[in-house]
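Asks: Dumping the structure here so I can ask a few things about it.
The values are calculated or read from the model by the stated rules, or taken from the named source; none is laboratory data. Keep in mind that what you see is a predicted model, and the values were worked out from it rather than measured. Counting neighbours? That spans all protein chains shown, and the Cβs are built from the backbone with ideal geometry, glycine included.
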Amino acid sequence: MTTAPPTLAPAGGASAEPPHPIQIWPDDFAARYRAAGHWRNETFGAWLRERATAHPDRPAVIGGDQRWTYAELDRRAGALAAGFLDAGLQPGDRVLVHLPNVPDFIAVVMGLFRAGLIPVYALPAHRITEIEHFAQGSGARAYVAAAAHAGFDYTALARELQARQARVEHVWIAGPTASTPGATTAAEPAADPFPRLSALYAADGSAVPASASQGSDVAFLQISGGSTGLSKLIPRTHDDYIYTLRESARICGLDADTVFLGALPIAHNFPMSSPGFLGTLYAGGRVVLSPSPDPESCFALVERERVTVTSLVPPLLLQWLDRAPASGRDLGSLRAIQVGGAKLSAEIARRVRPTLGATLQQVFGMAEGLVNYTRLDDPDELIIHTQGRPISPDDEILILDDEGRPVEPGQTGHLLTRGPYTIRAYHDNPSANARAFTEDGYYRTGDVVRMTPEGYLEVQGRAGDHINRAGEKISAEEIEDHLLSHPQVFDAAVVSVPDEYLGERSCAFIIPKGDRPRPADLKRWIRARGIADFKVPDQIVFVDAFASTAAMKISRKALRAQLRAQLLEQERAAAQ
Ligand code: OOB
């Protein structure tokens with residue numbers, strides 16, 4: 001078993017340059033996690049081969065008109081691995097994966113793992129600005145995207161990406177996904193110069209070994225929720241991620257009979273691994289993919305495929321609860337519904353079992369690592385009122401006051417954590433690392449929590465300035481930067497506002513420069529900057545000036561708090 005730290009070539013370097021080590025866990029911690037049996041030197045490539053050998057004919061992935069067995073998924077992963085390597089990619093190279101919930105997503109990531117290539121996950125909602133940022137930060141040499149999805153043409157984005165980032169030498173296009181509701185085929189298929197992913201499936205993957213990696217290697221780069229500025233890249237190793245899959249599958253009771261529905265975008269850490277599609281495949285179950293999270297498409301799949309478990313964000317759960325009774329669909333196969341990504345109110349939590357006939361499981365996690373679950377056999381009190389307890393006995397939890405001292409038991413404070421699957425550093429980002437990690441390796445989650453006497457966490461809110469819009473995280477700073485580059489914007493402050501349906505929505509306060517722009521124009525303009533739609537401010541309020549202290553030294557944080565309070569006060573007054 002290797003003891004070498006995970007390595008990854010720096011973002012700026014071509015793959016031929018020697019990789020530089022990124023020390024994720026100090027040796028003594030790594031030794032402890034191995035001795036405890038958490039890290040077993042398993043790799044994604046190898047375990048898929050094991051499953052495919054043990055039960056080749058069992059269904060693994062279902063989506064659109066595709067139904068793949070474990071043997072078929074394994075064959076496709078091998079073919080893609082061979083195809084990627086034949087094209088000139090080398091183990092350790094990063095590959096941007098920008099696909100919706102289609103079976104190709106799973107074949108691509110399994111193919112990349114098998115070849116020792118490193119997926120970098122982007123959400124379908126991301127646009128050129130985010131994709132370019134991920135390409136640059138990761139040093140990606142390839143981009144794999146859908147032809148089109150939900151009316152968006154990803155081939156045009158691919159062209160733009162290659163024009164801006166010459167290092168992205170390879171593009172493969174999956175699809176077209178014409179059978180997807182709301183999807184169109186590529187706008188100009190004839191002008192699309194890119195090779196099809198489907199051509200790679202014809203490659204002979206039989207000579208590719210089951211895995212080119214060690215357990216301690218970085219398996220992929222996940223993206224952070226981006227609480228300050230742009231999203232950061234999160235390096236996860238085979239050892240640490242597979243540990244969470246094994247334990248998540250156990251805690252969530254997954255086995256060969258599990259049928260998991262991927263309703264949320266499976267590129268996100270929650271439906272990917274908590275327990276998600278990877279946890280399901282790890283347990284030998286089957287994964288059903290819905291290209292759209294809307295309740296009608298999902299209910300039809302639940303009925304047809306006898307889905308037993310799925311993961312939802314709170315606003316989506318609310319839609320399920322509202323529409324299930326009149327849907328006419330048989331949802332009786334559902335056993336558990338995992339809900340996370342944003343705070344679930346107790347009122348809504350209480351409705352899950354009576355309406356859907358399934359056990360609610362709250363999930364409080366983060367792409368950086370730590371995941372908490374309520375357990376399936378917990379008393380209702382804990383399931384409804386808390387966000388669960390950590391996966392691992394080796395997850396270390398600190399709850400600190402503003403001065404960095406541990407709070408009294410049961411009091412509210414800042415959550416810090418370290419453990420066998422929580423990263424010690426972001427990829428290639430010293431300034432973010434200095435802010436986000438303590439010297440002894442704890443990650444500052446930015447969440448404000450309290451711990452119950454049973455050791456369960458209740459999330460009270462966020463310390464930082466980000467907006468949690470239906471589980472999608474938006475950095476106030478990132479959107480302010482976009483707004484500030486508009487010629488008619490003198491200053492901007494973006495805040496979160498409580499929202500009955502979304503949990504939080506975003507409101508941009510703008511001091512205009514000269515003529516006041518029309519809110520619709522401002523929204524159109526910011527969308528045209530090439531950012532995900534969910535980041536466009538929901539509400540725009542013009543003000544003449546920001547109130548500031550006499551010394552003009554008010555912090556952005558205090559300013560945002562003040563503006564938020566003003567807005568809420570006005571809304572309260574208007575409601576009376
Ligand atoms: C999940 O991951 P991220 O990285 O998109 O966002 C993490 C943040 C947490 O720090 C917290 O602020 C918030 O999302 N959050 C919750 C929550 N689950 C996540 N806030 C309140 N209640 C919850 N249940 O969102 C994520 C990753 C893995 C599993 C589940 C969620």
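Asks: Which condition from (1) more than 11 Å from the ligand (Cβ to nearest atom); (2) touching a Pro at 6+ places or on another chain (Cβ under 6 Å); (3) not in a helix (DSSP H, G or I) is the one that Pro325 breaks?
Replies: Only one criterion in (1) more than 11 Å from the ligand (Cβ to nearest atom); (2) touching a Pro at 6+ places or on another chain (Cβ under 6 Å); (3) not in a helix (DSSP H, G or I) is unmet by Pro325, namely (2).
Asks: While we're looking at this one, here's another question. Can you tell me which residues in the stretch 382-395 are within 15 Å of the ligand (Cβ to nearest atom), closer than 18 Å to Tyr243 by Cα, in a loop (DSSP other than H, G, I, E, B) and not aliphatic (A, V, I, L, M)?
Replies: Ser392, Asp395
Asks: Taking Leu415 and the conditions (1) within 16 Å of the ligand (Cβ to nearest atom); (2) surrounded by fewer than 16 Cβ atoms within 10 Å (Cβ to Cβ), which numbered condition does it fall short on, given that it satisfies the others?
Replies: (2) is the only condition that Leu415 fails.
Asks: Closer than 28 Å to His38 by Cβ, at pLDDT 95 or above and within 14 Å of the ligand (Cβ to nearest atom): does that describe Gly279?
Replies: When the stated conditions are applied, Gly279 passes them.
Asks: Would you mention how many residues in the stretch 258-287 are farther than 21 Å from Glu42 by Cβ and in a helix (DSSP H, G or I)?
Replies: Of the residues in that region, 2 qualify.
Asks: Among strands (runs of 3 or more DSSP E) lying entirely in the stretch 333-375, which contain 3 or more residues that are aliphatic (A, V, I, L, M) and closer than 26 Å to Leu245 by Cβ?
Replies: Fully inside the stretch 333-375 and qualifying: 336-340, 359-366.
Asks: Please go through the stretch 204-239 and give me each residue that is out of contact with any helix residue (DSSP H, G or I) (no Cβ under 8 Å at 6 or more places or on another chain), within 16 Å of the ligand (Cβ to nearest atom) and not aliphatic (A, V, I, L, M), ordered by number.
Replies: Ser224, Gly225, Ser227, Pro235, Arg236
Asks: Among the candidates Ser274, Ser248, which residue alone is touching a strand residue (DSSP E or B) at 6+ places or on another chain (Cβ under 6 Å) and either within 14 Å of the ligand (Cβ to nearest atom) or free of Cβ contacts under 8 Å to residues at least 24 places away in the same chain (or both)?
Replies: Ser274
Asks: Moving on. Hey, among the residues in the stretch 457-469 that are within 11 Å of the ligand (Cβ to nearest atom) and part of a loop (DSSP other than H, G, I, E, B), which one's nearest to Gly137 (Cα to Cα)?
Replies: Once the filter is applied, the top-ranked residue is Gly464.
Rundown of residues vs (1) part of a loop (DSSP other than H, G, I, E, B); (2) within 12 Å of the ligand (Cβ to nearest atom), yes/no style:
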site	(1), (2)
Ile397	no, no
Gly404	yes, no
Asp428	yes, no
Ala434	no, no
Val449	no, yes
Gly455	yes, no
Phe490	no, no
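Asks: Further, regarding this structure: Filter the stretch 381-395 down to residues that are acidic (Asp, Glu) and buried (at least 16 other Cβ atoms within 10 Å of the Cβ) and give me whichever is farthest from Pro314 (Cα to Cα).
Replies: Among those that are acidic (Asp, Glu) and buried (at least 16 other Cβ atoms within 10 Å of the Cβ), it is Asp394.
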